[in-house]
Amino acid sequence: MKFTQEESRVALIRKRILLIALLGVLATGLVASLSTSIPFYFSARSNLEQITLTTVQSQASLLNNMLEKYQDLASQFTSRTEIRLRLERYTAGQLSAEDLVAYSEPRLKDAMRLSSELLGLIRLGLKGEVLVKIGQTPLLPEMIGQHLENTPFSNYMPSYNLVEINATPVIQIQANIFSQQGQVIGKDVLYFNNNDLLDVLNEKLQLDKHAKTYMVNLAMNQSLNYVESTNNLMLTKDIDPKKIVHLDKANQLGQCAIRPESRCENVIFFVPLKNSDWSLVAEIPVNNFYLPIRQQIFWPLLAIISMLVIAIFAISQALHPLTRRLAYQAKELEESTEELRLVASVFEGTREAIAVTDEKMHLIKVNSAFSQITGFPAADVLGKDLQDFFYKKKTIEKLQLKIQQSLEVKDSWQGEIWYQSQSGEMLPVLQSISALLDKNSQVINYIHIFNDISESKVIEERINYLAHYDQLTDLPNRTLINRRIKKAVEKAKLNEQGLAILFMDLDHFKEVNDTLGHPVGDLLLQAVGQRLKARLREQDTLGRLGGDEFLAILDHSANTEATGTVAQKIIHSLVQPFHIEGNPIQIGVSIGIAIYPKDGDTADELIKNADIAMYRAKDSGRNTFRYFSDSEEV
């Protein structure tokens, strides 16, 4: 009986030891798997959301550039000098409406042919009366008959909205017309087709074919959606109240990604458009969006669980002969735990580059994605300082200080870093850094995770080019020219130097378009741009404002005689015949000159006065130049 009780007690002790050992193995495996999987999941989720938000921001930039192009085109309509001067005379009662329409309508029609996207135009007088109506327009625009409010000319930007013509959404641009004294004397309302909008909203996000992209105006409770069945856009005036709750939250946060909450089953990416109540929204079903991350985690977790089952079975078998195999059990348990830790290093299978460094940023371990992205084999980088791989031509001192301060305050950092690949090229990445701390809150290691964003940078540079350069002549456009004039004026004020603005308008260019066609006219504009650049200094700036208008900025040009010499050289160069596709072409140029500071001390004043001087040159017989200052008129 005693033997039986002793045997039972020993069996019970063995079972308890076995249970404790098995629980220890299970807990170790779970801790190892969770310590690897959870940070990886949240980091991968954050990176995926950031990459998708960047893609949506790129689409929003395309929309902003398109709308700015339309606004710029509307500004060109309102700034046509001769038509504007007649509108001033009409407003002052010096010209009849019939004479104004007879002069304005054919010229506005001719200008509309320059843009294939432009559907129609309405020109309103100061009292809201319709003066000119061309092309497709709404039957009763809401602004007809309403007296126009006087708005400041400085920093004025045409406004836009989405309206319907024959149940089809179109883009409406409203641009005030200002007199020479800066007073509102009329308004142009232009209507553009939705082809470019259709292309953007029809484009699926690269990460998921189920993504839905649309525009929303929360202030007016409107949305613009792509209808796949009709391959067209539909303007909806009532948004689902449930969706408004999530969109309002996104609007308060600005550009962001909203994860699903309550009944919302989609991940929402929200990017407001510039100078408008409209925003670009992308929705992706949550299951489709996070599926790649879950798939990456599933197999490593399955491997860990399988190894746990195998380890538990092996340990249970080994612990039965407790008295003889206790030492062997401890060794086997240690080997099983080590094996689980090795299995937990599943980061080798991820597409993101992962690097582990010590507290001094020396590389301890990198995964295969790190070598694929940077081009450096793991053996060549281990033991080296990660910051030695930063791109040397970039200013890195401020970046290193910013990273260090962030890690000291919140043990993490995220942002863009420029590395130098093995080939010597710049490698832009989106990187996150997280600190691993010991029980005393001291840094043991840093975990670095980054993605190659080279393609996104290329897209960003292309968008920047389209926004600031004329695609026909490769010269700075009106937006970039205005910016450079402002900088040149600031520089001239600071250094007390002179500055000259040359406003150039080609003579007889319209005849070339009418007789030889627009393709030949485009080639002629390119040739003109080349000749003009050859007559200017390297520090001078040449740009195309639109149509046949060019503008040059001459730095350090306070001497009117020297500026006139440059203008005369330009005239002499452009009156020489051009030979375009076998056609000899003879044109000329009229140049208006404004000198800083006597002809104006702001960019707008200098451009306006140079424009006025140019028309004086045209009135003087063309192929000549005139200064804005009457005392210096040639």
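The values are calculated or read from the model by the stated rules, or taken from the named source; none is laboratory data. Quantities reported herein were computed from a predicted structural model and do not represent experimental measurements. FYI the Cβ positions are ideal-geometry reconstructions off the backbone, even for glycines, and counts take in every protein chain you see. Just so you know, the surface numbers come from the protein's heavy atoms only, side chains and all, with ligands and any DNA or RNA stripped out. Shrake-Rupley method; radii C 1.70, N 1.55, O 1.52, S 1.80 Å.
Is it the case, given these coordinates, that Ser306 is assigned to a helix (DSSP H, G or I), open to solvent by less than 100 Å² (accessible area, probe 1.4 Å), modelled with pLDDT under 70 and not aromatic (Phe, Trp, Tyr)? Criteria not met by Ser306.
Being surrounded by fewer than 16 Cβ atoms within 10 Å (Cβ to Cβ), of a type in the set (Lys, Arg) and under 25 Å from Glu68 (Cα atoms) narrows it down to one residue among Lys486, Lys493; which is it? First the steps, then the outcome.
Numbers: Lys493 fails: under 25 Å from Glu68 (Cα atoms).
Result: Lys486 is the single residue among Lys486, Lys493 that is surrounded by fewer than 16 Cβ atoms within 10 Å (Cβ to Cβ), of a type in the set (Lys, Arg) and under 25 Å from Glu68 (Cα atoms).
One residue alone among Asp470, Asp452, Asp438 is buried (at least 16 other Cβ atoms within 10 Å of the Cβ), at pLDDT below 85, touching a strand residue (DSSP E or B) at 6+ places or on another chain (Cβ under 9 Å) and charged (D, E, K, R), and that residue is Asp452.
For Ser115, the conditions (1) within 29 Å of the chain's Cα centre (by Cα); (2) open to solvent by 20 Å² or more (accessible area, probe 1.4 Å) all hold with the exception of (2).
Taking the stretch 501-524 as the region of interest, how many residues are under 19 Å from His572 (Cβ atoms) and open to solvent by less than 60 Å² (accessible area, probe 1.4 Å)?
Here is the first cut: in the stretch 501-524, the residues under 19 Å from His572 (Cβ atoms) are 502-509, 524.
Those left that are additionally open to solvent by less than 60 Å² (accessible area, probe 1.4 Å): 502-507, 509, 524.
Number satisfying all stated conditions: 8.
Quick check on my filter: what residues within the stretch 487-526 are closer than 23 Å to Ser590 by Cα and among the β-branched types (Val, Ile, Thr)? Scanning the stretch 487-526 gives Ile501, Val512, Thr515, Val520. Listed by position, the strands (runs of 3 or more DSSP E) inside the stretch 362-470 whose residues that are under 31 Å from the mean Cα position of the chain (by Cα) number at least 1 are 412-420, 426-437, 443-452.
Six or more apart or on different chains, Cβ atoms under 7 Å: show the pairs whose first residue is in the stretch 532-544 and farther than 14 Å from Ile481 by Cβ and whose second is of a type in the set (Lys, Arg) and open to solvent by 20 Å² or more (accessible area, probe 1.4 Å). Going by the 7 Å Cβ cut-off, the qualifying pairs are Arg535/Lys569.
With respect to Arg341, is the statement that it is within 30 Å of Lys384 (Cα to Cα) and either modelled with pLDDT of 70 or more or open to solvent by less than 30 Å² (accessible area, probe 1.4 Å) (or both) true? Spelling it out, it is not the case that Arg341 is within 30 Å of Lys384 (Cα to Cα) and either modelled with pLDDT of 70 or more or open to solvent by less than 30 Å² (accessible area, probe 1.4 Å) (or both). Among the residues of the stretch 583-597, is any surrounded by fewer than 22 Cβ atoms within 10 Å (Cβ to Cβ), closer than 20 Å to Asp555 by Cβ, touching a residue at least 12 places away in the same chain (Cβ under 8 Å) and within 40 Å of the chain's Cα centre (by Cα)? Yes, the stretch 583-597 contains a residue that is surrounded by fewer than 22 Cβ atoms within 10 Å (Cβ to Cβ), closer than 20 Å to Asp555 by Cβ, touching a residue at least 12 places away in the same chain (Cβ under 8 Å) and within 40 Å of the chain's Cα centre (by Cα).
Could you list, in sequence order, all residues of the stretch 601-613 that are farther than 14 Å from Gln181 by Cα and either crowded, with 17+ Cβ neighbours inside 10 Å or among the β-branched types (Val, Ile, Thr) (or both)?
Restricting attention to the stretch 601-613, the residues satisfying the condition of being farther than 14 Å from Gln181 by Cα are 601-603, 606-607, 610-611, 613.
Of everything in the stretch 601-613, those that are farther than 14 Å from Gln181 by Cα and either crowded, with 17+ Cβ neighbours inside 10 Å or among the β-branched types (Val, Ile, Thr) (or both) turn out to be Thr602, Ala603, Leu606, Ile607, Ala610, Asp611, Ala613.
Within the stretch 226-241, residues that are within 14 Å of Ile165 (Cα to Cα) have Cβ atoms under 7 Å from residues that are open to solvent by 50 Å² or more (accessible area, probe 1.4 Å) and acidic (Asp, Glu) in these pairs: Leu235/Glu164, counting only partners at least 6 apart in sequence or on another chain. Determine whether Thr541 is open to solvent by less than 60 Å² (accessible area, probe 1.4 Å), modelled with pLDDT under 90 and within 22 Å of Asn609 (Cβ to Cβ). No, not satisfied.
Being over 22 Å from Arg351 (Cβ atoms), open to solvent by less than 20 Å² (accessible area, probe 1.4 Å) and out of contact with any Lys or Arg (no Cβ under 6 Å at 6 or more places or on another chain) narrows it down to one residue among Leu53, Leu62, Leu87, Leu26; which is it?
Values: Leu53 fails: over 22 Å from Arg351 (Cβ atoms); Leu62 fails: open to solvent by less than 20 Å² (accessible area, probe 1.4 Å); Leu26 fails: open to solvent by less than 20 Å² (accessible area, probe 1.4 Å).
The conditions single out Leu87.
Apart from one condition, Tyr103 fits all of (1) open to solvent by 10 Å² or more (accessible area, probe 1.4 Å); (2) touching a residue at least 40 places away in the same chain (Cβ under 8 Å); (3) of a type in the set (Ser, Thr, Tyr); the exception is (2). Cβ-Cβ distances below 9 Å connect the following pairs, each with a first residue in the stretch 38-59 that is more than 25 Å from Asn202 (Cα to Cα), a second residue that is open to solvent by 30 Å² or more (accessible area, probe 1.4 Å) and part of a helix (DSSP H, G or I), and a separation of six or more residues or different chains: Phe40/Gln296; Phe40/Val346; Phe40/Phe347; Tyr41/Arg294; Tyr41/Gln296; Ala44/Pro292; Ala44/Gln296. Contact annotation: residue pairs with Cβ atoms under 7 Å, 6 or more positions apart or on different chains, pairing a residue in the stretch 434-447 that is free of Cβ contacts under 8 Å to residues at least 24 places away in the same chain with a partner that is open to solvent by less than 50 Å² (accessible area, probe 1.4 Å), are Leu436/Asn445; Leu436/Ile447.
Of the residues in the stretch 391-412, none is touching a Gly at 6+ places or on another chain (Cβ under 7 Å), farther than 30 Å from Asp548 by Cα and surrounded by 13 or more Cβ atoms within 10 Å (Cβ to Cβ). Among the conditions (1) open to solvent by 40 Å² or more (accessible area, probe 1.4 Å); (2) at pLDDT 75 or above; (3) not basic (Lys, Arg), Glu261 misses just one, which is (2).
Restricting attention to the stretch 220-239, report how many residues are open to solvent by less than 80 Å² (accessible area, probe 1.4 Å) and either at pLDDT 80 or above or not hydrophobic (A, V, I, L, M, F, W, C) (or both). Even if it seems obvious, please write down each step before you answer.
Kept after step one, since they are open to solvent by less than 80 Å² (accessible area, probe 1.4 Å), are these residues of the stretch 220-239: 221-227, 232-233, 235-236, 239.
From what is left, the residues that are either at pLDDT 80 or above or not hydrophobic (A, V, I, L, M, F, W, C) (or both) are 221-227, 232-233, 235-236.
Number satisfying all stated conditions: 11.
Residues that are open to solvent by less than 90 Å² (accessible area, probe 1.4 Å) and under 17 Å from Asp72 (Cα atoms) do not occur anywhere in the stretch 199-213.
Can you name the residue in the stretch 152-187 that is part of a loop (DSSP other than H, G, I, E, B), more than 18 Å from Asp277 (Cβ to Cβ) and in contact with a strand residue (DSSP E or B) (Cβ under 7 Å, 6 or more places away or on another chain) and is also most open to solvent (accessible area, probe 1.4 Å) among such residues?
Of the residues in the stretch 152-187, the ones part of a loop (DSSP other than H, G, I, E, B) are 152-158, 166-167, 179-183.
Cutting the leftovers down to more than 18 Å from Asp277 (Cβ to Cβ) gives us 152-156, 166-167, 179-183.
With the extra rule that they be in contact with a strand residue (DSSP E or B) (Cβ under 7 Å, 6 or more places away or on another chain), the set shrinks to 153, 156, 179.
Working: Phe153: 105, Tyr156: 68, Ser179: 15 Å².
Going through the qualifying residues, I end up with Phe153.
In the stretch 562-573, the condition of being open to solvent by 40 Å² or more (accessible area, probe 1.4 Å) and not in a helix (DSSP H, G or I) is met by no residue.
Tally up the residues in the stretch 609-618 that are of a type in the set (D, E, K, R) and either assigned to a strand (DSSP E or B) or in contact (Cβ under 8 Å) with a residue 60 or more places away in the chain (or both), please.
Start the filter on the stretch 609-618 by keeping residues that are of a type in the set (D, E, K, R), which leaves 611, 616, 618.
So of that shortlist, the ones also either assigned to a strand (DSSP E or B) or in contact (Cβ under 8 Å) with a residue 60 or more places away in the chain (or both) come out as 611, 618.
Final tally of qualifying residues: 2.
The single condition among (1) open to solvent by less than 10 Å² (accessible area, probe 1.4 Å); (2) closer than 20 Å to Leu233 by Cβ that Gln136 does not satisfy is (1).
Give the residue that is nearest to the chain's Cα centre (by Cα), with candidates limited to residues of the stretch 491-538 that are part of a helix (DSSP H, G or I) and among the β-branched types (Val, Ile, Thr). Filtering first and then ranking leaves Val528.
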